Amino acid sequence: MQKSSKKKRKKNARNCSGSSSRARQNGPIYLQLLGTSVDASPSLVLVSESEKFIFNAGEGLQRMCMEHKVKLGKLTNILLTRLSPDTFGGLPGMLLTIADCGMKKITIHGPKGVNDAIRASRSFAMRDDMQKEFRDLDSNWSMTSSGIKFDVVRVSKTMTVGVKREREEKQQSTFGMVKNFLNLSQSETTDEDCCYCFVAETSSTPGKLLIDKVRNLGIQPGPQLGHLKAGKAVECKLKNGSTRVVQPSEVVEPGQPPSRFAIVDCPTKHHISSLISRMKIHADSKATSSNERKETSLVCVAHFAPLEVITDPAYSKWAQEFSPSAQHVLLHPSCCGQQTVWWASELNLLKLRMLAPSVFPEPLEKGNLSSLEVKGFITGKHLAKFRVYPFKAVGWDNSGILTPPDQKAIEESLERYGVSSQELQKKLEAFHEANSEVKETSYTMNNSAMDVEEKSADAEKYTIAVENDKTEEKKTDSLFDPEILFTGTGSAIPSKYRNVAGIYVRLQGDIGFLMDCGESTYYQLLRKYGSDMDSILAGLEFVWISHMHADHHLGLLTILDRRNQILRKSSKGIEIKPLIIFGPKKLELWISSFNRISNLDAPFIFVKNELISDSFWTRVQSPSEDIVQVFQRIGKNGVKSIKTVRVTHCQDAWAVILEHQSGWKLSYSGDCRPSSKFATAAQGSNVLIHEATFEDSLMKEAIARKHSTIGEAVGVGRNMCAERVLLTHFSQRYPKIPDKMDPVSDVSSVDNGTRTDFKMPERVGIAFDLMQIRLGNLHWLPKLLEPLRWIFPADVEIEDEEKQAI
C-alpha cells in the first residue's frame, strides 16, 4: 500500500510539473486576456481541455475571476515573468482562495526568489492542505503539459552607465528605520535585472484514417495502417494484387499542425537589446503575406511591455520581423487605457449615484486614460480570447468583451428584482424633494452635543506639539471637513460588489493617509482620482494597518511600487518622502523581505502599533527620538495625535484613534470583537468606522471568528458617544446591504449588541465601495437606508455564487 501511494504521488508530480511526455490535445486551446485596463493589473489565462495556466498574478486577479466566472478548478500552473507587485501582488490572495475552494496542488514557476516571497507570506497566506511546488526559471527551464511545450527566454538588463549609477545609489541609500530581519544569503535572492518570456507550441494532431478509402485500395489491417496514420509512406499490397507505395494523403485526412505563440515581458528600455538578441530565433521574416500563415510561425505574441518600450524604434522593428500573420496584442495598462473591468461595481455606482450623487461621485476622472493605437499592435481587451489551436481556427473571439453599464443595464437589473425603473424614479424624486432642506456644509465642531469628558493626562502624551502660527496657516475647509473614501468594504476575499478593506482620508490638497490597504487599494484609488494619482500618492503621508490578515494589507506592495515610480519621474518634479507605515511587527518583516527578494527598494519608515498604544506609554516615560520625528512630520500636516488600542481578533490586532488639530476625531476598529477599552479611548469621536461583518442573528459565528455583528458595532459607537457610526467590512454573503437593517429614531433602544431584534438608529450609515463622504454630509447616510432598499431589494446572491467562479 505504501509503495502504491508513493508511485501515485510521483505520477501526480510529473503531470503537474510538466516533466511528463507530451500528451495529445483534442479540444480547443485559447488565451484569455484579463485586466487590460488602467484600473487593473493584466494577466493571461491559457485554457486547454484538461488544464489552465496563468501568466502573471497581479492584484485583483481573483476578483476578476470571480466576477467574470473564469473558473480555475483546472488551474495547475502559475507562471511569473518577473517578481514585482504587478506580477506577484495577487498571488498570495489567489493561493488562499483556491486552497479554500479545495484545490490540492499548484505549481508556481518564477524567477529565483519566488519561493522566498511565498514563504515570507506564510504567516497570513498559507494553507497546509494545498501542496505548492516551486520551479525556478532559468535558461534550461522547459515544461510540457496537456500537449503544450513551453520554453523560456531569459532577458537581462543592459548595464549602461546610468543603470550602474542608479544601482549604486540604491545600495548606498538608507530609508529611515527600515531593517531587513531575514538576512537572506546571496544565493537566496533573485536576479533583480532579469525577466522571462515564454514560447509555447501545441502538439500536432494526426488526421483521421479514412476507412472507405482503405477498403477501396484493399489494404489489409495491420501495422502499416498505423504508419500511414502517423504520416509515413508505406509499401502495401493492394486488392488488385499489385504492390506499391501508398502515401498518407491517399487514406488519411489532413491533420492539425502545431500552433506557436509567445508571452513577452520587457519592463524597461534597458531590456530591449537582450530581448531582441535572445528572441531572434523565434522571429520569422520569410513569410510573404499576412494571409499566409506558416506552420513554424508564431500566431500570437502577447506583450506585457509598457508603452515607452512598445514605441521604442528598436522594439517596433523587432516585432515587425515576425510573420505578418502574427497577432501582436498589448496588455500593459499604459497601452490599453480605461476599459470596463469592474462591471458589477460600476453598475452599483450608477444606481447609487441616482440616490446621492455627491456621496457617490463619478468614479474616474479619465484625463488622458484612453487607449492608444500603435502601428502593428492590437490593443488588448479585457475578457477577449485568442484561439491558438486548432490551427485552422486561429483567431480572435471578442464575444465576451464588456461594454460600460448604462441606463438600459440599470433598468434590466432592477427588473430582475421586480422593481419598475419608472416607479423607482418617482420615489427618488419624492425623497429628494422631502429632503431638500438637507444641505452639504463644511463641518463645524459641536463638542457640547457629545457629552465628552476632558481628555485625561495620559492622552496628552500622544499630542503632537506644533507652533500655533503654523497651525493657523493650515486651517482650511478641508482641515475641518476631511474627505473619507472607502476603497473596500468587504471582508475576507474581494467580491464583484465589495473589495477588501481600505479607507483613504484626504486632509488638505493631496495630503492624506490610509487605514488598512487590502488588495487592489491602488486601483480603487485610481478609479476615483484618475490622472491625479501621482499627486495623491506623493501626498500619502502614512498607512496604518490593523492586523496581519491578507485582506487588510496585500495592497501595500503596489502602493510602495507606484510611489517609487513617481520618484523616477523627475520631469514632474514631485517631491516624495519615505512612506510612514504603522502596523503589526510582522508586517515590517514581510515588506522588508519582499524589498530584498524583488529589489523593490521602496523607501518606508516603519513604526509598530505597539509603540503608539496605551499600554506602551504606561511603561515608557518618553518615546524614542525616531518616534518623535515621525510624529513631528505628520503633525506638520495637521494630525494632532494617533494612538492604538489592542483588540480581540488575531495576534497583534489593533484599533486606531486619530485626532486633528482642527478638533475632529476619527476612530477605526479594524477587525475585532466589541472592545470597551476602544470605546473608552475613543470617547467623543466625531465618526467611528466599525467593522460589522455579520448580522445579529449570526452572533455565534461572529464570536467564533472574532468579528462584530451590526448591533455590536452600533453599541460600541453608543458607548463612546460617537456622533456618527459608519459600518463596513461586511461578509461577502451581503453583496450589497445586509437584510436586517431597518431605521429607528431612538438610539437608546440599541443595547450593547446582545439583542437580536436590533434596528438601525438614526446616526448610523453603511459604507459602499468608492463612497466619498465628508464630516459635513455624514447626516445624509442614515436617511439613505430606506431608499437603498428600493434600489437593492432583498438580495438572492450570496458568497457561494462567488466561490463557484473559482
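The values are calculated or read from the model by the stated rules, or taken from the named source; none is laboratory data. All figures in this text were calculated on a predicted structure; none of them were measured in a lab. Every residue, glycine among them, receives a Cβ derived from its backbone with ideal geometry; neighbour counts consider all protein chains shown. To get the accessible areas, we keep the full protein, side chains included, count just its heavy atoms, and leave off ligands, DNA and RNA. Shrake-Rupley method; radii C 1.70, N 1.55, O 1.52, S 1.80 Å.
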- request: Answer with yes or no whether Ser277 is of a type in the set (S, T, N, Q), modelled with pLDDT under 90 and either closer than 26 Å to Gln32 by Cβ or open to solvent by 50 Å² or more (accessible area, probe 1.4 Å) (or both).
  value: no
field: Neighbours by Cβ (under 7 Å, 6+ apart or cross-chain): first from the range 546-564, acidic (Asp, Glu); second buried (at least 24 other Cβ atoms within 10 Å of the Cβ) and assigned to a helix (DSSP H, G or I)
entry: Asp561/Pro85
Residue that is nearest to Cys194 (Cα to Cα), among those in the range 107-131 that are touching a helix residue (DSSP H, G or I) at 6+ places or on another chain (Cβ under 7 Å) and assigned to a strand (DSSP E or B): Ile108
- prompt: Which condition number does Arg167 fail, the rest of (1) surrounded by fewer than 12 Cβ atoms within 10 Å (Cβ to Cβ); (2) modelled with pLDDT under 85 being met?
  reply: (1)
message: Looking for something closer than 29 Å to Glu346 by Cβ, at pLDDT 90 or above, touching a Gly at 6+ places or on another chain (Cβ under 6 Å) and open to solvent by less than 10 Å² (accessible area, probe 1.4 Å) - is there at least one such residue anywhere in the range 560-576?
response: no
All positions within the range 218-228 that are surrounded by fewer than 18 Cβ atoms within 10 Å (Cβ to Cβ) and either touching a residue at least 12 places away in the same chain (Cβ under 8 Å) or farther than 29 Å from Lys392 by Cα (or both): Gly218, Gln220, Pro221, Gly222, Pro223, Gln224
task: Give the range 498-538 a look and list any residue that's small (Gly, Ala, Ser) and at pLDDT below 95, or say none.
output: Gly509, Gly530, Ser531, Ser535, Ala538
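Specify the residue that is modelled with the lowest pLDDT; the eligible residues are those in the range 329-347 that are farther than 30 Å from Ser413 by Cα and open to solvent by 10 Å² or more (accessible area, probe 1.4 Å).
Narrowing the range 329-347 to residues farther than 30 Å from Ser413 by Cα: 329-332, 334-335.
Filter again for open to solvent by 10 Å² or more (accessible area, probe 1.4 Å), leaving 332, 334.
On the way: His332: 96, Ser334: 91.
The qualifying residue modelled with the lowest pLDDT is Ser334.
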query: Restricting attention to the range 406-420, which residues are part of a loop (DSSP other than H, G, I, E, B) and open to solvent by less than 50 Å² (accessible area, probe 1.4 Å)?
result: Val419, Ser420
query: Does Cys266 count as open to solvent by less than 20 Å² (accessible area, probe 1.4 Å), in a strand (DSSP E or B) and either over 27 Å from Ser41 (Cβ atoms) or touching a residue at least 12 places away in the same chain (Cβ under 8 Å) (or both)?
result: no
- prompt: For the range 238-259, does any single residue satisfy the condition of being touching a residue at least 60 places away in the same chain (Cβ under 8 Å), open to solvent by less than 30 Å² (accessible area, probe 1.4 Å) and touching a His at 6+ places or on another chain (Cβ under 7 Å)?
  reply: no
task: Restrict the check to the range 714-728 and report whether at least one residue is within 16 Å of Ala679 (Cα to Cα), surrounded by 24 or more Cβ atoms within 10 Å (Cβ to Cβ) and charged (D, E, K, R).
output: no
query: Is it true that some residue in the range 314-323 is open to solvent by 40 Å² or more (accessible area, probe 1.4 Å), of a type outside the set (Asp, Glu), at pLDDT 95 or above and on the phi < 0 side of the Ramachandran plot?
result: yes
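Residue-by-condition table, conditions (1) under 26 Å from the mean Cα position of the chain (by Cα); (2) closer than 30 Å to Glu253 by Cβ; (3) crowded, with 16+ Cβ neighbours inside 10 Å; (4) in contact (Cβ under 8 Å) with a residue 60 or more places away in the chain:
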site	(1), (2), (3), (4)
Phe377	no, no, yes, yes
Leu383	yes, no, yes, yes
Lys392	no, yes, no, yes
Asp397	yes, yes, no, yes
Pro404	yes, no, no, yes
Gln422	no, no, no, no
Lys426	no, no, no, no
